[in-house]
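Inspection log for the structure reproduced underneath, given as structure tokens.
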Number of protein chains: 2
Amino acid sequence: MLSQMEHTMETMMCMFHKCAGDKGYLTKEDLRVLTEKQFPGFLENQKGPLAVDKIMKDLNLDLDLDQCRDGKVDFHSFFSLTAGLTTTCNEYFVVYVTWKRKK
Amino acid sequence: MLSQMEHTMETMMCMFHKCAGDKGYLTKEDLRVLTEKQFPGFLENQKGPLAVDKIMKDLNLDLDLDQCRDGKVDFHSFFSLTAGLTTTCNEYFVVYVTWKRKK
């Protein structure tokens, strides 16, 4: 039986390979579909077709898909996206908890 | 309702803060306990008290806890540990799938 952390690792791998398929990497379109489906909370307040690009740029993910990586997102880059979003969430969480304690 | 990816992010944050408590970081001992509990599959073939140190060193995680970071592991470093383990697992998974296809 998998531990909670092992389960999260398995989920991330499955999520990537389910979307990447046999080609083994995500295209920009794959990433957009996956992001819209899996991170709706981060996108719901964004408007316009460049929302995903803007979020990536804001997070400094170094994912210049069209120029630097031939439009291919490998597992490492996909994990970097998740890392950026989770670290940002964690920073907000810490600020919120600190604020709650002071109340 | 959270998506699968949002759920994995929440799990990682909860796991870290549950172990870190009010101090907001993991000590080396916290990390050892968490690793032994959450990544038993990675440790079961390791022997001796330096197993966790050895895995960290092998994964090039830059986690020289005693010298570089005053023995404190923040959320970012914790995420790096998970990233290292997951990326390694993914590499084995890709090799396995490629081998299976050739059979």
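Structure data summary
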item	result
Estimated FRET transfer efficiency when R0 is 35 angstrom, pair A:Val97-A:Val33 (beta carbons, to 0.05)	0.55
In Å², nearest 10: area of B:Met13 left accessible to a 1.4 Å probe	30
In Å², nearest 10: area of A:Cys19 left accessible to a 1.4 Å probe	40
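The values are calculated or read from the model by the stated rules, or taken from the named source; none is laboratory data. These numbers were taken from a predicted model, which means no experiment stands behind them. All Cβ positions, even for glycine, are placed from backbone atoms using ideal geometry, and neighbour counts span all protein chains on display. In case anyone asks, the SASA skips ligands and DNA or RNA and just uses the protein heavy atoms, side chains included. Shrake-Rupley method; radii C 1.70, N 1.55, O 1.52, S 1.80 Å.
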